[in-house]
Structure formats: structure tokens, C-alpha cells
Amino acid sequence: MESPARAIARQLAAHAQAVCAHYLSNGRRDGRYWLVGDVNNIAGRSLYVRLTASADGKRQPGKWTDAQSGEHGDLLDIIAARCMHATLRETLDEARQFLKQPLPESASGSVKSAAKADTGSSEAASRLWNASKPVIGTVVQSYLQLRELQDLPHRGPLRFHPRCYYRRSSDDAPDVRTEWPAMIAAITDEAGTVTGVHRTWLDPAGVDKATVTCPRRAMGNLLGNGVRFGPAAPVMVAGEGIETILSVRQILVSMSAIAGLSAAHLAAILFPHCLRRLYVACDDDPAGTGAFATLSERGASSGVEVLPLHPVLDDFNSDLRILGRAQLARTISSQLEAADALAFLRR
């Protein structure tokens, strides 16, 4: 028989977005997730709450993880933390009161909401990937080259779409355009199957990102997967952003790499079976520190050595653009194991 706590948690999960909007009001929806700084409603993107069930039903709405602290739980835990309850009874009473309130239809498990979720499926991501073309000679190449990212693979996880649909957010101007050129990055599992895509909308001149509120969004199945540069290998490097990984690979050109796309998803990447040592290109912020700590704990329990790579500035692309390639090479080489420096450093 289902316990009262489990039954209420299930009811809350059916209205996950409404719960988040009420108790985590400093956050915002981003695709299938609600992003906020932590359970205390601090602004940020470290904590992510799933809003819809995955297509296979294995990942349910209402579950959350904080990439910085490693904490996780359900919506009852969120309510308990926000209201500073001392007992489960207090939390259940608060949840019951919340569920008695009129809830917006768009935040419930309606057919309309389910149809919207389908547009973010792995199948939709694959269609967008297949409709995109190589980046060489496009505004994607111009955008990356302005960030000193010169060595771009002709075949790889990055493509270009000339008119990628942008769904306006509530923070965008009503007249903001809904089609922009975009860098499309394939999110794949270890077998190379496309499970999602990451979109970076760009200014048509290729000088910067598009002038929209959310110029970067992902769709599809991200959890455990990432943007992969090269096949699975015993020694790899992982990082949060695509530009971070491309910057590191200007120096470690033959080392396979994976971009997690956010600190939370970096912390959750699945380790390939052959992996023995993982370097983590850490962003210099609390979310990056938390992701490295989580990966280190996971590595210790699975026989993978996890080592940090720290930039001099806030991230490795800043190091590359401001300090130059020679300094970036010195920074990275000083943090590698000797055998890896010999095997992977560009000569």
C-alpha cells in the first residue's frame, strides 16, 4: 500500500512546474528542467528539477539534483528545506495546502503539456541534427574563430543550421525573431547514438551569440550523455562547455573529450567502460567545483582516477583568448601526468 508521503510526492510531481514556480521562484524553466541555485532559492543554475517524464519512463518529474552539493531528492524535500520544517508531518501539511490551490493547466500533467514535451524528444533532436550541415565556411566557424578556436574537425559533433527555430521565453521582447543561424552539437551516448542536441543561436554575422534571452538550449536525453570529441578511451578530458573543451583540445588535440553542457550534467556523465583516467577542465566557479567533487567521488567508487585541470582565469577559453596559446599549453602541461603529457601534448 502506498504511504501518504509517497502519494503526496507523486501528486506534487504531477504539478512539478507549479511547485517549482512557487517554492523556487528565483529559478526558471529551461527545456525539461527547472534551474535554480540551490534548495534555499538562491538564483543560479546548480540545482535542476526534472519537470516531465522521459520517453522511456525511467526518469520521473519532481526529482532533483544539486551539482554543487551533490544533494538530491524529491519535491517534498524542496518544500521541507524552503519552509524550514522540523518534521515530515509539517511538510505533508504544507504540501496538502499547496495542492488545494488552483494550479495552472500548463503546469499539470495535461495532454497539451505532454505534446509539448514530444518536441524535445530524442527523435526530434535527431531530425534537427540530420537537417544540419558541416560548420566549415559558415557563421559557426566565424563565431568560433573569433574565440581563437581554429582547429575545427570537418567531421565531428558540431554542425550548422541556417534557420533554427527559437522559442521565445517570457523574458524576450515580443518581437524577437524566432529563426536564427545556430551551432548544433550532437549529444550522444557511448555507442555514438544521437540522444539529443545542444543549440547555440548566433548573430547572422557570426560575431557573437544571438540577441535573445536564452541563446543556448538543449533538447532530448542529456542525462549521462554529452557532446563527444573522439571515441571512448582509457584517458579522456571532460568539461562543462563546448568552448571549454575546444580550447583544451587546441593543446590536447588527440585526447578524446566530452562536454557535459552544464555543471549538473557534467557531474552526471556516464564513465565509458574503458576509462581509467579522467581529466576535468574545471570552470572557476562554485558549480564547477561541485561538479568536480561529484565526479571524484564517483571515480573513487568505480576505479577511475579523476584529476583537475584548472585555468588561470575563469575558464580555458579566456586563457586561450587573453593569455595566448603558448601560456595555455604551459598551464595544461603542468597539470598532466608525465605519460599523458608525452602522449597527448601537441609538439
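The values are calculated or read from the model by the stated rules, or taken from the named source; none is laboratory data. Quick caveat, the model's predicted, so the values are computed rather than measured. Because the Cβ atoms are built from the backbone with ideal geometry, glycine has one as well, and the counts that use them run over all protein chains shown.
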Go through the residues of region 303-315 one by one and say whether even a single one is more than 19 Å from G224 (Cβ to Cβ), in a helix (DSSP H, G or I) and modelled with pLDDT under 95. no
From the list V176, V135, V207, which one is at pLDDT 85 or above and either in contact with a strand residue (DSSP E or B) (Cβ under 7 Å, 6 or more places away or on another chain) or not aliphatic (A, V, I, L, M) (or both)? V135
Per the filter on region 128-155, residues aromatic (F, W, Y) and either part of a loop (DSSP other than H, G, I, E, B) or touching an Asp or Glu at 6+ places or on another chain (Cβ under 9 Å) (or both) are Y143
Scan region 156-178 residue by residue and report those that are part of a loop (DSSP other than H, G, I, E, B) and within 23 Å of the chain's Cα centre (by Cα). G156, P157, Y166, R167, R168, S169, S170, D171, D172, T178
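To keep it simple, each residue is scored yes or no on (1) surrounded by fewer than 16 Cβ atoms within 10 Å (Cβ to Cβ); (2) aromatic (F, W, Y); (3) more than 30 Å from H72 (Cβ to Cβ).
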| residue | (1), (2), (3) |
| --- | --- |
| L246 | no, no, yes |
| Q250 | no, no, yes |
| A264 | no, no, no |
| A287 | no, no, no |
| V304 | no, no, no |
| L309 | no, no, no |
| D319 | no, no, yes |
| I332 | no, no, yes |
| A343 | yes, no, yes |
Taking region 224-245 only, how many residues are touching a strand residue (DSSP E or B) at 6+ places or on another chain (Cβ under 8 Å) and under 17 Å from D319 (Cβ atoms)? 7
Scan region 238-272 for residues that are of a type in the set (S, T, Y) and not in a loop (DSSP other than H, G, I, E, B) and jot them down. T244, S247, S256
Just wondering, is there one or more residues in region 73-95 that are outside any helix (DSSP H, G or I), in contact (Cβ under 8 Å) with a residue 60 or more places away in the chain and in contact with a helix residue (DSSP H, G or I) (Cβ under 6 Å, 6 or more places away or on another chain)? yes
Inspect region 212-220 for any residue being charged (D, E, K, R) and either assigned by TED's automatic domain parsing to the domain that holds L51 or under 18 Å from the mean Cα position of the chain (by Cα) (or both) and give the result as yes or no. yes
When region 200-225 is checked residue by residue, the ones that are in contact with a His (Cβ under 8 Å, 6 or more places away or on another chain) and within 22 Å of G137 (Cα to Cα) are R216
Here's a check for you: in region 169-198, which residue that is touching a residue at least 40 places away in the same chain (Cβ under 8 Å) and charged (D, E, K, R) is surrounded by the fewest Cβ atoms within 10 Å (Cβ to Cβ)? D171
Here are some conditions: (1) surrounded by 21 or more Cβ atoms within 10 Å (Cβ to Cβ); (2) in contact with a helix residue (DSSP H, G or I) (Cβ under 7 Å, 6 or more places away or on another chain). L313 meets all but one. Which one does it not meet? (1)
Given the conditions (1) closer than 20 Å to G31 by Cβ; (2) in contact with a Pro (Cβ under 8 Å, 6 or more places away or on another chain); (3) not in a loop (DSSP other than H, G, I, E, B), report the number of the one that P181 does not fulfil. (1)
Inspect region 133-156 for any residue being surrounded by 13 or more Cβ atoms within 10 Å (Cβ to Cβ), under 28 Å from R50 (Cα atoms) and of a type outside the set (K, R) and give the result as yes or no. no
If you take the residues in region 1-42 that are among the small types (G, A, S) and in a loop (DSSP other than H, G, I, E, B), which one is surrounded by the most Cβ atoms within 10 Å (Cβ to Cβ)? G27
